[in-house]
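One structure is given here, and the rest of the page talks about it.
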Amino acid sequence: MSGFQRVEDPQAALAWIPAEVREDGDLCGMDATGWEDDTWILHDLTVPLDTRDPEQGPRARCRWRDVVETDLTALQGMARWPPNAMHLLKDQRWPDVCIEEGTFDGESRAALLEILTAVSGPSAQCFAYFGMVPANNYDRPTVLKGALSQVASLTSDGLPQWELSPSNWWPVDRSWFVWTDYDLTATRVSGSRNLIDQVRSHTALETLDWRGPVGGGGS
């Protein structure tokens with residue numbers, strides 16, 4: 001069961017985020033900026049192991065670089081939107097590729113948690129914000145608080161009524177910030193240059209650096 005609990009005053013927990021950012025991101029996630037650097041982690045992409053039963057059969061993770069026709073680095077400045085399957089996979093070579101919008105889990109989430117835990121410690125207290133759409137709550141903001149070690153449970157057995165990831169999560173010292181937008185298949189991580197360099201270099205992660213009208217927390 002998740003160790004995260006709803007905060008009594010969600011508005012206070014979000015007050016440090018500029019009002020215009022809260023207004024733009026209340027539905028799907030907060031596009032907060034202000035850290036030294038950031039990068040986008042491409043969500044785990046899976047393909048069927050048994051082509052006779054691609055929908056119900058077992059699946060295995062496949063790297064984006066093996067699916068996308070164009071070199072991923074070359075795509076960084078080509079799109080008007082942050083990294084997303086809508087444009088990255090338009091010329092895919094693999095059939096039955098599966099990737100979930102608004103859900104950051106699997107090997108990629110585990111790898112990011114490994115990095116963040118080494119930086120902040122497993123007991124670091126974190127806030128988790130669910131946008132109104134993934135929380136299915138349009139009356140008041142949904143903000144929870146709990147230990148970093150329990151973040152993974154927010155998308156699994158802790159809150160079974162919510163199938164999507166938290167839209168944002170960050171430690172109380174705000175040293176880093178994670179954004180999983182409801183409509184995207186990539187998650188942005190913002191923080192110190194050292195932290196983001198660790199994210200870029202982790203062998204289990206596929207990342208893209210993208211600067212545009214949405215995102216760009218780095219300098």
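Which of the residues that make up region 1-27 are part of a loop (DSSP other than H, G, I, E, B) and buried (at least 20 other Cβ atoms within 10 Å of the Cβ)? Phe4, Ile17, listed by residue number. Restricting attention to region 31-49, the residues being buried (at least 21 other Cβ atoms within 10 Å of the Cβ), touching a helix residue (DSSP H, G or I) at 6+ places or on another chain (Cβ under 9 Å) and hydrophobic (A, V, I, L, M, F, W, C) number 4.
Taking the criterion of being farther than 21 Å from Leu195 by Cα and either among the β-branched types (Val, Ile, Thr) or touching a Cys at 6+ places or on another chain (Cβ under 8 Å) (or both), the residues of region 27-47 that qualify are Leu45, Thr46, Val47. Among helices (runs of 4 or more DSSP H) entirely within region 84-181, having at least 1 residues that are at pLDDT 90 or above, among the polar types (S, T, N, Q) and farther than 23 Å from Trp64 by Cα singles out 106-120. Evaluated against (1) in contact with a strand residue (DSSP E or B) (Cβ under 9 Å, 6 or more places away or on another chain); (2) in a loop (DSSP other than H, G, I, E, B); (3) not aliphatic (A, V, I, L, M), Thr39 falls short on exactly one condition, (2).
The values are calculated or read from the model by the stated rules, or taken from the named source; none is laboratory data. All of these numbers come straight from a predicted model, not from anything done at the bench. All Cβ positions, even for glycine, are placed from backbone atoms using ideal geometry, and neighbour counts span all protein chains on display.
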